[in-house]
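The values are calculated or read from the model by the stated rules, or taken from the named source; none is laboratory data. A quick note: this is a predicted structure, and the numbers were derived from the prediction, not measured. Every residue, glycine as well, gets a Cβ built from its backbone with ideal geometry; the counts of neighbours run over all protein chains shown. When the accessible area is computed, the model is the full protein with side chains, heavy atoms only, and any ligands, DNA or RNA have been set aside. Shrake-Rupley method; radii C 1.70, N 1.55, O 1.52, S 1.80 Å.
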Amino acid sequence: MILNECVNDIPWVDILSGVSSIATVLATIVAYRALNTWKKGALLEKRIDSLDHVSETIFILYRNLCEVLIEVEVQNISIELSNDDLSSEGKESEIKNYLVHLAYLDSKKLRELLNKVEPHIDELELSFSKLNRLDGRKQKGLHKSFDTIKNIYHKLVLRTQVLSYASTCEINDKLIARVHAVLEQNITELQEELNTSKANMTHYIEVLYKILIS
């Protein structure tokens, strides 16, 4: 009898309500942790996807710029200004002949090749911006190497513009000097800079991969 009275006196509604509240809190904690885990996984996936995209774009950009540099080397074969046997008059004559017969066609060919490069320059710039937002850190090494690649691109664009302009203008000493300076660009040096920048960018991407998956 006493036991029954004790049982009857227990505030079961309050106890059950408390248990229900605790269960709700625990469920909320579990759900919160699951959501955080999902968010972290989604963010990690975004970062890895961004790095994948950057890697692919770097490769395409490098390949296309190599194609442009090869074309420049082929074009340079048609005018041997580095020949020490040529006098200044001889070099001037070579440039005049080049401007009359080949400069326009060469500039047009280079422009076509550079048009394939430009979209990937823009795309990589945008990809770095997204990567910085996801990672929360500036990737100085990547940007420095990318700046070198952009500098190479702009030098090649300048060559194209000078040749295109010079092929349609009256030839004079100032124009010849300008064309001479453009034609004497050290293409081997540009190729080495491109190779180094590509290698550095690939290295930085690999480091970021390791940081993300560690």
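Data for the structure
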{"item": "In the range 163-192, residue surrounded by the fewest Cβ atoms within 10 Å (Cβ to Cβ) [restricted to those that are under 14 Å from Val68 (Cα atoms), in contact with a helix residue (DSSP H, G or I) (Cβ under 8 Å, 6 or more places away or on another chain) and of a type outside the set (A, V, I, L, M, F, W, C)]", "result": "Gln185"}
{"item": "Checking Thr160 against (1) exposed (fewer than 14 other Cβ atoms within 10 Å of the Cβ); (2) touching a Lys or Arg at 6+ places or on another chain (Cβ under 7 Å); (3) of a type outside the set (A, V, I, L, M, F, W, C), the condition it does not meet", "result": "(1)"}
{"item": "Meets criteria (surrounded by 15 or more Cβ atoms within 10 Å (Cβ to Cβ), more than 30 Å from Ile95 (Cα to Cα) and modelled with pLDDT of 85 or more) for Phe146", "result": "yes"}
{"item": "Pair list, Cβ < 8 Å and 6+ apart or interchain, from the range 166-187 residues that are more than 17 Å from His154 (Cβ to Cβ) to residues that are open to solvent by 60 Å² or more (accessible area, probe 1.4 Å) and of a type in the set (Asp, Glu)", "result": "Ile176/Glu92"}
{"item": "The range 106-142, residues that are at pLDDT below 85 and more than 19 Å from Asp49 (Cα to Cα)", "result": "Lys140, Gly141"}
{"item": "Scope the range 49-82; condition in a helix (DSSP H, G or I), aliphatic (A, V, I, L, M) and more than 25 Å from the chain's Cα centre (by Cα); matching residues", "result": "Val74, Ile77"}
